[in-house]
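The values are calculated or read from the model by the stated rules, or taken from the named source; none is laboratory data. All figures in this text were calculated on a predicted structure; none of them were measured in a lab. We place every Cβ from the backbone using ideal geometry, glycine too, and count neighbours over all the protein chains shown.
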Ligand code: R5P
C-alpha cells in the first residue's frame, strides 16, 4: 500500500507508513504566483492501493486533500484518513440561513473508504458519499496518561459532552472519572463543580476531544485549582490551540498539555499512527 501525507499530516503519514512497514510517498507542495495551491505526487499511483492522510484544520488543507484525491484517480483502491476534520463542529444549522458546513465538506470527499479520528460529532459520517468510520484514540490517550505516573489520578470531562470520552479513556485502567457541571445558584451566580467526586488534594487530568480557544479548559483549570486540586493536566485528541490558547492555559495554571498528532503541534506528543495502521491492516 502507498501512504501519502498531505501538508497537514506529514509526520503522522510517515509514522503510519513505518507502522505498515513501508515508506511514505514523497509529495511536492507549492503555490502558484497568484496564491493557488500546487501539489504533485512524485510516484505513480495508477492501479495501486493508496491511503491519503490529511487533516483539514484550514481551508487550504481541505483544498490540498481534494487535490490529492484527484491526483490519485487511477488508484485501484483509495482510503482517505482525515485525522482532524475541520468544520465538523458546524454539524447543524444553529441559526436560520446557516449551512451545515460539516455536510458541505463531507460531500466533497470521494474515496472507497474514509476514516476520521474522534470526530466531534459522529452523525457527520453519514454525509460522506462512501463508507466512513470513526477511529477512537481514547485507549492510546489512557495509556499515555498512565505513563505520567500520577498517584491515583482523577480524569475529568469539562462538560457532559465529553463524558463518553473520559469514560473510554479511563476504561481498563481503573482511573476515577467524572465531569464538570454548571449549577446556577441565582440570576448572576454560577458554580462549576465536579458532579460526583471531590478534587481536593488530587491530581486531575482534564480530558476533551479538542482544545480550540482554550476558553473551556482555562475556566475549568481555575475552578479545579480553587477547589484544591493538587495539579491539573490536560489531555486531548486534537490540540487545535488557536491563537494564544496555550498561553491562556498555562496562565490558568495547567501543569502540562498533551495532544495527539492528528494536528502537528509542539503539544502533539502522542501518535495515533498505530491506530490508523492497525485499522488499515484490517482491510
Ligand atoms: C466542544 O463541544 C468541544 O468538545 C470542546 O470542548 C470545545 O470545542 C473547546 O473549545 P474551546 O477550547 O474554544 O473552549
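Among the conditions (1) surrounded by fewer than 16 Cβ atoms within 10 Å (Cβ to Cβ); (2) outside any helix (DSSP H, G or I); (3) within 14 Å of the ligand (Cβ to nearest atom); (4) more than 19 Å from the chain's Cα centre (by Cα), residue 243 misses just one, which is (4).
Criterion first (under 30 Å from residue 85 (Cβ atoms), surrounded by fewer than 16 Cβ atoms within 10 Å (Cβ to Cβ) and within 12 Å of the ligand (Cβ to nearest atom)) does residue 159 satisfy it? Explain how you work it out, then say what you get.
Details: under 30 Å from residue 85 (Cβ atoms): yes; surrounded by fewer than 16 Cβ atoms within 10 Å (Cβ to Cβ): yes; within 12 Å of the ligand (Cβ to nearest atom): yes.
Considered against the rule, which asks whether it is under 30 Å from residue 85 (Cβ atoms), surrounded by fewer than 16 Cβ atoms within 10 Å (Cβ to Cβ) and within 12 Å of the ligand (Cβ to nearest atom), residue 159 comes out as yes.
Filtered by the rule that a residue be under 18 Å from residue 63 (Cα atoms) and in contact (Cβ under 8 Å) with a residue 60 or more places away in the chain, region 1-40 gives 4, 6, 8, 9, 10.
Here residue 164 fulfils each of the conditions (1) outside the structural domain of residue 104 (by TED's automatic domain parsing); (2) more than 20 Å from residue 227 (Cα to Cα); (3) at pLDDT below 95; (4) within 16 Å of the ligand (Cβ to nearest atom) apart from (3).
How about region 210-234: which of its residues are away from the ligand (no atom under 13 Å from the Cβ) and either surrounded by fewer than 19 Cβ atoms within 10 Å (Cβ to Cβ) or in a strand (DSSP E or B) (or both)? Steps first, please.
Going residue by residue through region 210-234, those that are away from the ligand (no atom under 13 Å from the Cβ) are 222-233.
Scanning region 210-234 gives 222, 225, 226, 227, 228, 230, 231, 232, 233.
Scan the strands (runs of 3 or more DSSP E) fully inside region 4-94 and keep the ones with 3 or more residues being under 21 Å from the mean Cα position of the chain (by Cα), surrounded by 15 or more Cβ atoms within 10 Å (Cβ to Cβ) and assigned by TED's automatic domain parsing to the domain that holds residue 108. Of the strands (runs of 3 or more DSSP E) lying wholly inside region 4-94, those with at least 3 residues that are under 21 Å from the mean Cα position of the chain (by Cα), surrounded by 15 or more Cβ atoms within 10 Å (Cβ to Cβ) and assigned by TED's automatic domain parsing to the domain that holds residue 108 span 49-53, 77-82.
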